[in-house]
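The values are calculated or read from the model by the stated rules, or taken from the named source; none is laboratory data. Please read these numbers as outputs of a predicted model, since none were measured by experiment. All Cβ positions, glycine included, derive from the backbone under ideal geometry; neighbour counts span all protein chains shown. Quick note on the areas: whole protein, heavy atoms, side chains included, nothing else; ligands and nucleic acids left out. Shrake-Rupley method; radii C 1.70, N 1.55, O 1.52, S 1.80 Å.
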Amino acid sequence: MNKEHATHLAGLFPASPAPQLKLGVLGFGGLGQAAARVLAPKQEMRLVAAADRKGYAYSPEGLDPDACISVYQERGSLGYLDPVGVLSSRSIQELIESASVDGYFLALPNLPNTFMASVARQFIQSGWRGVLVDAIKRTSAVEQLLDMAEELQAAGITYMTGCGATPGLLTAAAALAAQSYSEIHSVKITFGVGIANWEAYRSTVREDIAHLPGYTVEQARAMTDAEVEALLERTNGLITLDNMEHADDVMLERSGICPRDRVTVGGVVDTRNPKKPLSTNVQVTGRTFEGKISTHTFTLGDETSMAANVCGPAFGYLKTGIGLHQRGIYGIFTAAEVMPQFVH
Ligand code: NAD
């Protein structure tokens, strides 16, 4: 390798990275715990804060993910984590006020459908500055956040929305695949999710039920655990979803890829088997400049879990967000607008 080439590569992959970024995870259910595990081996990022509905833990030196997960699973809240846990019904607000954090992954349920937007507003009103990333799913929920663009910008917050798997990884793949075409005819996302038991991802399952015909977000939110179990009993643990209200559509439209009615999302969730019921994929059909109609297909490996495909991209986009924030670029970005960076 000549010297010029080596210097060029060093610019792309700096040998001595910037100081470790301090991260927080809000929501410590299925995704929040997986996020703590994903972060554990990372050099560039350190988990310093985490919150659930009943409490939070904060340590500027870093939190031990195993200790956090066991205390949450055994006692129901991070607030019991000795000596840094605090029991509180205002865990998010107290962390915003007391913790020094560069960016938060919002692994929170969006129940009701306005919850994530209300959390973003809480950050704005507290005068907090930094980066937020979510893995929110519904079109109407992402639209509420997009409507807050100017407020986020004025507050000095860089908010990355729709940065999980779908929306997220698959939406970004669609935006990339679209580049081969002059016109995009359809984007079809089909997901397969396998989880060993529904209790590990209660909000994800409730929010999926809310997409079934005859259910609303409010109905799904109000269902007791016994009612969810009775529904899953009737379907043999499967939730089959068609034509979902999924924000991939507004994200691709906003990026100028295609009108939202050309984007469809559906899939199957097996709540009793970690094996995926089908391979998650996105198919992008369009017409090239020569007039040929073709389809690009991007398929996720069957061995990759929902948690891997959500948390990996979420932290990749968080890293991108931190780069934007450091350059004074605030406001809101979707997963289809910028590339995620790889976190080492
Ligand atoms: P979960 O039910 O397992 O956990 C939710 C956590 O949030 C719990 O720790 C709970 O205590 C905490 N919480 C709830 N209200 C709170 C509050 N007011 N303050 C602080 N903490 C609070 O949830 P999950 O299954 O991990 O799902 C989280 C979200 O991720 C859901 O909205 C789901 O739709 C989304 N998700 C997105 C994708 C994607 O690809 N984009 C995939 C899967 C899940």
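Taking a ≥ b ≥ c as the square roots of the eigenvalues of the alpha carbon gyration tensor, segment 68-209 is oblate, as a/c is not under 1.5 and a/b does not beat b/c. About its Cα centre, the chain has a charge dipole of approximately 440 debye under the convention of +1 per Lys or Arg Cβ and -1 per Asp or Glu Cβ, with nothing else charged. Only lysine pairs 8 or more places apart or on separate chains count here, and in the chain those with Cα atoms under 21 Å apart total 8. Taking every alpha-carbon pair in segment 47-145 and binning the separations at 5 Å intervals from zero gives 2, 13, 23, 23, 20, 12, 6, 1, 0 percent. When segment 128-239 is described by a simple charge dipole with +1 on each Lys and Arg Cβ and -1 on each Asp and Glu Cβ, the residue from 154, 136, 175 located farthest towards its positive end is 175.
In the P(r) worked out for segment 193-267, what percent of Cα pairs fall beyond 21 Å? In whole percent, the share of Cα-Cα pairs in segment 193-267 beyond 21 Å is 35. The listed residues 115, 289, 333, once ranked by accessible area (1.4 Å probe) with the largest placed first, stand as 289, 115, 333. Separation of segment 44-62 from segment 96-159 is 17 Å, based on Cα centroids. Residues 137, 275, 188, ordered by accessible area of protein heavy atoms at a 1.4 angstrom probe radius and largest first, appear as 275, 188, 137. Every helix of 4 or more DSSP H residues in the chain counts as -39500 (n - 2.57), and over all residues that averages to -10500 deg cm²/dmol at 222 nm. The string of couplings for segment 311-319 from the Karplus curve (6.51, -1.76, 1.60, θ = phi - 60°) is 6, x, x, 4, 6, x, 6, 4, 5 Hz, one whole number per residue in order, with x for Gly and Pro. Rolling a 1.4 Å probe over the heavy atoms of the protein chains gives the chain an accessible area of 46 Å² per residue.
Could you tell me which of rounded, prolate or oblate describes segment 26-104, using a ≥ b ≥ c as the square roots of the eigenvalues of the alpha-carbon gyration tensor, with rounded for a/c under 1.5 and, failing that, prolate when a/b is larger than b/c and oblate otherwise? Oblate shape, in that a/c is at least 1.5 and b/c is the bigger or equal ratio.
Each 10 Å bin, from zero up to the one with the longest distance, holds this percent of the alpha carbon pairs of the chain: 6, 25, 34, 25, 9, 2, 0. Taking the Cα centre of segment 218-344 as reference, the dipole from Cβ charges on Lys and Arg (+1) and Asp and Glu (-1) amounts to some 540 debye.
Of 71, 338, 107, which is farthest along the charge dipole of the chain in the positive direction, counting Lys and Arg as +1 and Asp and Glu as -1 at C-beta? Selected residue: 338. Overall, segment 23-125 carries a charge dipole of about 320 debye about its Cα centre when +1 sits on the Cβ of Lys and Arg and -1 on the Cβ of Asp and Glu, all other atoms neutral.
Roughly to the nearest percent, how much of the accessible area of the chain is carbon and sulfur, given a 1.4 Å probe? Carbon with sulfur: 51 percent of the solvent-accessible area.
For segment 134-203, a/c is not less than 1.5, where a ≥ b ≥ c are the root eigenvalues of the C-alpha gyration tensor, and a/b does not top b/c. That puts it in the oblate class. Ordered from longest to shortest, the equivalent ellipsoid semi-axes for segment 211-344 are 30, 22, 17 Å, each the square root of 5 times a Cα gyration tensor eigenvalue.
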